Amino acid sequence: MIFIYFIVTIIGFIMLIKGADFLVDGASSLAKKFQVSELAIGLTIIAFGTSAPELIVNIFAATGEHDGITFGNIIGSNIFNILMVLGVSGMLAPIVVRKNTILKEMPFMLISVIIAFFLAWQGQVLSRIDGIILISVLMIFFVYIFGILKMNPMEGDDIKIFSTWQTILLILIGTMGLFVGGKLVVDNSVQIAKLLNVSEKLIGLTIVALGTSLPELVTSVVAVKKGRFDMAIGNVIGSNIFNLLLVLGVTSLICPVRYQPQLNFDFSILLAVTILLFVSMVVGKKYRINKIEAFSFIVIYIGFIAYLINRG
């Protein structure tokens, strides 16, 4: 039985890879066709597409009263996005980041972490009112995105422009590939974990978080390989913001989610790595993630996973 789960998981990985390829090509075509900022596309269309697995998993987890998975998935996914997605992508090529991204989008991501943490911690439950607050903050982010749509429009003769329908189809097929592939990986990974007798909270912070973040990882890696750095960093920042504001917001609107105080440490780690990312980019005013920093991100993540496994 476990062999079958492994085979289906591999199929999920293949769908993730092809889905990411289609999504990046479609999004690049869209940005070039309408002279839209590559970063704005990464922060919205790609970020939403790659956050879809977190949203679906959290809705199922919350309605099934698996609160540990609900919060663990988001915290674990966001930590994975910063340390592993940017870590692996940065090992392939130094990721150049625009100064505006560091001064505006990254602080917004940090503020989102603080707001979500405070709302969950102060009442030990994420209520429907908290959900409304999170969605309202997301609306402010959308207003900002609307303002940067035409800033730094996509450039490059290597970008293939498809027809409008082909572009939409690529984005839809890519998103569906990420969604279905991510679900296959998550569902079967959870089954494997259960057969190995692993706790639900650990599953949420590790296997489910990793599985639902695979779209971000594959999409950012593909974007970096194609030289689309704004798209890669926008994917991570946008996905983290979507996870905290949209996914937790929608989840708590559907069903209030109980917060476990044991997650305070994990939320603190998320806050710390978010600050670490900001500091690593501004030190020396280099505005980039080099290979040494990328490698250190990966090492930190491995240490975090080792701690979680030891904690149980």
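The values are calculated or read from the model by the stated rules, or taken from the named source; none is laboratory data. This is a predicted model, so every value here is computed, not measured. Counting neighbours? That spans all protein chains shown, and the Cβs are built from the backbone with ideal geometry, glycine included.
Quick notes on this one:
- Among the candidates 50, 44, 70, residue that is within 14 Å of residue 218 (Cβ to Cβ), of a type in the set (S, T, N, Q) and in contact with a Gly (Cβ under 9 Å, 6 or more places away or on another chain): 50
- Restricting attention to segment 270-290, the residues being assigned to a helix (DSSP H, G or I), buried (at least 18 other Cβ atoms within 10 Å of the Cβ) and touching a residue at least 40 places away in the same chain (Cβ under 8 Å) number 5.
- Of all residues in segment 130-148, those that are over 17 Å from residue 248 (Cα atoms) have Cβ atoms under 6 Å from Cβ atoms of residues that are modelled with pLDDT under 95 and not in a helix (DSSP H, G or I), 6 or more apart or on another chain, in 148/37.
- Where helices (runs of 4 or more DSSP H) fall entirely within segment 101-196, those with at least 1 residues that are at pLDDT 80 or above and farther than 27 Å from residue 269 by Cα are at 128-147, 164-195.
- Of all the listed residues (17, 11, 7), the sole one being free of Cβ contacts under 8 Å to residues at least 60 places away in the same chain, surrounded by fewer than 24 Cβ atoms within 10 Å (Cβ to Cβ), among the β-branched types (Val, Ile, Thr) and farther than 20 Å from residue 263 by Cβ is 7.
- Qualifying residues in segment 59-100 (those that are farther than 19 Å from residue 275 by Cβ and small (Gly, Ala, Ser)) - the one modelled with the highest pLDDT: 89
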